[in-house]
């Protein structure tokens, strides 16, 4: 296993263990081939994909691509009758910054609203500058901290 892949697996396990108190069946999903048959963290009501990125310079366009890929994988799994229709959440860790403050969640605004979470909407007002936060399907993504997401999930 490469060093980068090992970082990714460790991060997936960390997120699964964080969610285990609320979702006892949460665990790292095993993936084969393209990753379409399972998400990174299974046993929750969401299709959770984890990304470990090596720099602070992760541009919004990349966030949109990550979300689109996760959404397409979920649709493929659903069409193969492997999962029900699920909301997609992408959890990103920036590896060259502090441990907790560097983890963010990207999801559709409606998904977070269902959890009672308001995202950092002011960051995304200018669609020209932040165009990557609108996915190819025209979905507006919202960025929040992991702590904000975690605390809202604990209240469920």
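The values are calculated or read from the model by the stated rules, or taken from the named source; none is laboratory data. Keep in mind the model is a prediction, meaning the values are calculated, not measured. Neighbour counts are summed over all protein chains in view; Cβ atoms, including those assigned to glycine, are modelled from backbone coordinates with ideal geometry.
Among the residues of segment 62-94, those identified as surrounded by 14 or more Cβ atoms within 10 Å (Cβ to Cβ) and assigned to a loop (DSSP other than H, G, I, E, B) are 83, 86.
Filter segment 121-152 for residues that are at pLDDT below 70 and closer than 26 Å to residue 7 by Cβ and give the result. Residues satisfying the conditions are 132, 133, 135.
Yes/no matrix, rows are residues, columns are (1) assigned to a strand (DSSP E or B); (2) over 17 Å from residue 92 (Cα atoms); (3) at pLDDT below 70; (4) touching a helix residue (DSSP H, G or I) at 6+ places or on another chain (Cβ under 7 Å):
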residue: 18; (1), (2), (3), (4): no, no, no, yes
residue: 24; (1), (2), (3), (4): no, yes, no, no
residue: 33; (1), (2), (3), (4): no, yes, yes, no
residue: 51; (1), (2), (3), (4): yes, no, no, yes
residue: 55; (1), (2), (3), (4): no, no, yes, no
